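Step one of this worksheet: look at the structure below.
All of the numbers you see were taken from the coordinates with simple rules; none came from a lab. Here the structure is a predicted model, which means the values were calculated and not measured. Every residue, glycine as well, gets a Cβ built from its backbone with ideal geometry; the counts of neighbours run over all protein chains shown.
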Amino acid sequence: MSAENNYLTKLITTVETYNLRETVLRPGQPPEVCRYIEDDLTDTFHIGVICEGRVISNGTFIRQGHEYFPDSQNPYRLRGMATEKDFQKQGLGRRIIQAAEAELRLRQCDLLWFNARTGAEGFYKKLGFGAFEKIFDIPGAGPHKVMYRQY
């Protein structure tokens, strides 16, 4: 499926992220595991790609530090990055990151970090993110690595 000309990338609401978090990231798990305490904080924002009125890709960006980066003054964390199965491998994740980075520049962010599934490491490396080699397991989600980009 492709509707490149019909894609709209924009800020979305917390509620608009739930479907993809539940169906793509945590299928079969209780909806509560897809809700983040930080979802509605004033510094948190969500980016979505919309096609025909439906969110088909999204990511959540939370102002949050990480112990690996103690000197960061304005760090953000990416969570809940997901793309509907029929729309994967079409550059939508790249669109989310590019739109988020524009917003993060406005917010004077100096670091974007996240826990990436090991299967997604190559995607993020192509976008210029670095990775720590340590692999850890997130129960219900599988093996991950900490990835980052400093600004």
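Take every pair of alpha-carbon atoms less than 8 Å apart whose residues are at least six positions apart; their mean separation over the length of the chain yields a relative contact order of 20 percent. Could you work out how far the C-alpha centroid of region 123-147 sits from that of region 54-114, in angstrom? Comparing the Cα centres of region 123-147 and region 54-114, I get a distance of 14 Å. The slack between Ala141 and Glu16, meaning 0.36 nm per residue of separation minus the straight C-alpha distance, is 42.9 nm.
Each 5 Å bin, from zero up to the one with the longest distance, holds this percent of the alpha carbon pairs of the chain: 2, 9, 19, 23, 23, 16, 7, 2, 0. Rounded to 0.05, the FRET efficiency of the Asp43 and Asp86 pair, given R0 = 35 Å and the Cβ-Cβ distance, is 0.60. Full extension of the segment from Arg107 to Ala120, taken as 0.36 nm per residue of separation minus the current Cα-Cα distance, would add 2.0 nm.
Only helical DSSP H runs with n ≥ 4 go in: add -39500 (n - 2.57) per run for the chain, normalise by residue count and round the 222 nm mean residue ellipticity to 500 deg cm²/dmol.
Details: 2 runs with 21 residues, N = 151.
It comes out at -4000 deg cm²/dmol, rounded to the nearest 500.
Taking a straight line from the alpha carbon of Lys10, these lysines sit under 26 Å away, with near neighbours fewer than eight places off in the same chain left out: Lys85, Lys89, Lys125, Lys126.
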